[in-house]
Structure formats: structure tokens, C-alpha cells
1. Mean separation of Cα pairs under 8 Å and 6+ residues apart, divided by the residue count of the chain: what relative contact order is that in percent?
2. Rounded to the nearest 0.05, what FRET efficiency do residue 357 and residue 321 have when you use their Cβ-Cβ distance and R0 = 25 Å?
3. Once a ≥ b ≥ c are taken as the square roots of the eigenvalues of the Cα gyration tensor of segment 175-261, is the result rounded (a/c under 1.5), prolate (a/b larger than b/c) or oblate (a/b not larger than b/c)?
4. Tell me what the chain gives for mean residue ellipticity at 222 nm when only DSSP H runs of n ≥ 4 count, each as -39,500 (n - 2.57), the sum divided by the residue total, rounded to 500 deg cm²/dmol.
5. Between 245, 221, 288, which gets the highest mean-square fluctuation from a Gaussian network model of the chain, Cα cutoff 10 Å?
6. May I ask you to give the average projected area over all directions of the convex hull of the Cα atoms of segment 290-439, in nm² rounded to one decimal?
7. Can you give the local net charge around residue 225? Use residues other than it whose beta-carbon is closer than 14 angstrom to its beta-carbon, Lys and Arg +1, Asp and Glu -1.
8. Rounded to the nearest whole Å², what accessible area per residue is found for segment 307-439 with the 1.4 Å probe?
Amino acid sequence: MYKEVSKDLLQFLKKSPTAFHAVENIRQELLDHGYQELLESEHWHIESNQKYFVTRNQSSIIAFHTGDILDNYSFHIVSSHSDSPTFKIKENAELQVNNQYMKLNVEPYGGMLCATWFDKPLSIAGRVLIKQDNQFIPTLLNIDKDLVLIPNVAIHMNRSVNDGYAYNQQIDMLPLFGGSECQNGDFRKLIAEELNVNVENIYGCDLYLYNRTNPSIWGLNEEFISAGRIDDLQCAYTSLQAFLNSYNKENINVFACFDNEEVGSQSKQGAGSTLLYDVLKRINMSLNKSEEDFYRAVASSFMISADNAHAVHPNHPELTDAKNCVYMNEGIVIKSHAGQKYTSDATSVAVFKSICEKVNVPVQFFANRSDKLGGSTLGNIAMSQVSMNSVDIGLPQLAMHSSYETAGMKDTYYMIKALTEFYNCHIEETTNHVLKVIK
């Protein structure tokens, strides 16, 4: 059971080298399950007990399933993100070195562990805009071969590297693309050949490096999984599976996967944009509900912000809180922070904990050491646009922001089970702010 689910997750990760590919894979799965695609630029006609989705920038996606009885409806939302730290290729990409090497000029996207990108088989994927007549057609690109590599400097030339080294991302992190026969323009020619178009018809590119090391299942008892982009596609995958396999006649279930979390979410397709608010408001309008109905629905709604958490490191347990620390294969992580980097509070924690208890899914609690500055996620950012009860959760993993991350075999299954229960239940607020979870 755990292994089958993990294998499916690893295939999804392998097919999703960029946020564009992840969203396209999600889009295709929604279409296969009978979801109708909506365009933001067109009129929406929403009906009860129907299934829809919309994308923005091809890198964020929101899907929803309307219930049957919507007299007193609310939104049940699980949000995740589609992007991961990597290196973006600059527009003028080619850099020659002594007429012997051709490098590619890249810049960092998000906060990555630089050392994990060296001496690995890498390739390039993303989105290319192709001009045809007066149209600009977005086309996904994945050069499915070992294409570039970032070579380490030999220890003989950098004797102190093991004592700590500050990587210069304009010097140290540029990938080697070709040798002395490589000429200026070859990079664009390669893209054109891959897409079977003329070079002059390439009008725009959003291209990134990705690690081509195959996903793996490993450990004495096959306890662990490793792959690129586990943060946060593991949560995107699990929330999608739960969403597709659930239904609630009294609510509108919502699956949301945003881009640009790794760089702050403040983009037109990020959690800090109007995307979530726009979709929820348009659903309400298309169902012929009043503005008052919308605000009542939002006030009764619940969002789970799903983004992975730091497991205790086997070599450095001292880096995590002594008590509020988590381990792989021990269940879903509920994250809290006094400074409100996470949305969890007593109310939302209680609701989510009770949901997990109903389906016998273990939970763990995470808080940063008080003397360490932790990361943030998309929950509070999204709530600045449309506020509701919300809890921050995730799955425990090692080497977050590495080009090859590690998580637990069992936890993917745990997350699907708990999120399915969340989508299937109904949450009501009664007098004196009392919340009631109803199956």
C-alpha cells in the first residue's frame, strides 16, 4: 500500500521537472477525471455538483468540485506550491571560455543548497513562446537527456573547501554546455530542434536546470524515498489524489497549487496574488449567490496549507527543537510559529487533529528552535487576500532545498488518507465560536 503510492508519487516527480510541467500533469489528470477547464478571460457558468479548474500563467492551478446542497456552503481548500529552488537560464545564455568551453549563464531561483548541484547529470526544461503568424504559442520543453553539468573545482586547487566555502553564484554555479566546437547560437538552435521550429520563431523562454538523477526507494527496509522537487510536489500530489477521490455535497472542495512560493509568492500567479480570491468570488457569483453569501461562506471555510517540514537530521539532532521535532514515517506534521509564519492556531490545530484521528493517521508537531530563524510558507500570504480558519501542515523530509531530497515511505499514504477525510467532512461554526466537524 505505502510502496504503491510512493512509486506513483516518484513517477509524478520524474515527469515534473518544472512548475509548468507539474501543472500540466495535474491539468491532464483533472481532464481525465471529467473536470472542465475554465479560462479567466471568459464568462463562467458554474453549476452544482460539477467539476472545474482554471490555470494562471500555466504554473498555478485551482480546481473545484461544487456540492449538491449549497444553501449554507463553505470552501474546503488544500493549497500547495508547484515550484522548487533551481537555476533559471538568462536570456543571453551563452558564455565562451578561451574558445574551449561554452557555459550557460544562469541565476538562482529560490534558496537552494548549492553544493548538491555539482557533478550531477543536469538538463533543461521549461516553457518556450513560439510565434506563429500573429500568435504566441506557449510550448513545454524538456530536453530529455544528460545535457549540462556544473563541475566542482578539484580539492588540489581549493584545499580549504571542506572547511567551508562561500559559493559565488555568478562564478561557481554556471553549467558547462559544450566544448571547443560549440558556437554562439547553438543553445537556441538546440531548443528549436527539440521543438521542431525555426530559431527566429522563438520569442520568449522560461527555462531552468533540473537534476536528472532518477528517483529512488532505499533503506534496509525500503523506508525512504529520494527525488528532486519533493518540496513541495509531494504535497501537491497527495492533495490532488485526495481531492479526486472525495466529494462533499454541502461544500465546495478546492484544490490549489500556486507558483513562486520559493521566491516569496508575490507574483500574479503566487499565493500573494488575487488568484484564490478571484476564483472563489467568481464561483459565488456564477452560482447566483449574493455578496453576503460569499462573505458568510468564507467565514465558515477552512484551508489547509500543505508544505513540507524539516525532519530531525540523523547527524544533527541538535538543530531542531528538543520536543517539537518530527521524524519521517511517523505521520503528518502540524506546524506552528508564535510570530505567525504559519497559520496554525488552537482552533485550526484541533480541527485538523480530530480529522486525522478519525482515520487513524498519526500527527506530529513542529516548531523551530527559538534561537533559529525558520522558513515561511504560503498559508499566511494567501490569507492576506482571503482570510479563513487555516492550519499549516506538511510531511517530514531531509535535505530540503537540495537538488535531491529525502522523505518517508509511509507519509505520502498518510497525507492522502487525512486530506481525503478533510474533503469529505463538513465543518460548521455554531454559537460562541464553537466548531463542529461532521462526516
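1. 22
2. 0.60
3. Oblate, since a/c reaches 1.5 and b/c is not below a/b.
4. So the calculated ellipticity at 222 nm is -7500 deg cm²/dmol.
5. In the Gaussian network model the winner is 221.
6. 10.3
7. Neighbour charge sum, excluding residue 225 itself: -2.
8. Each residue of segment 307-439 exposes 44 Å² on average to a 1.4 Å probe.
The values are calculated or read from the model by the stated rules, or taken from the named source; none is laboratory data. Since this is a predicted model, take the numbers as computed values, not measurements. Neighbour counts are summed over all protein chains in view; Cβ atoms, including those assigned to glycine, are modelled from backbone coordinates with ideal geometry. Just the protein is used for accessible areas: all its heavy atoms, side chains included, with ligands, DNA and RNA removed. Shrake-Rupley method; radii C 1.70, N 1.55, O 1.52, S 1.80 Å.
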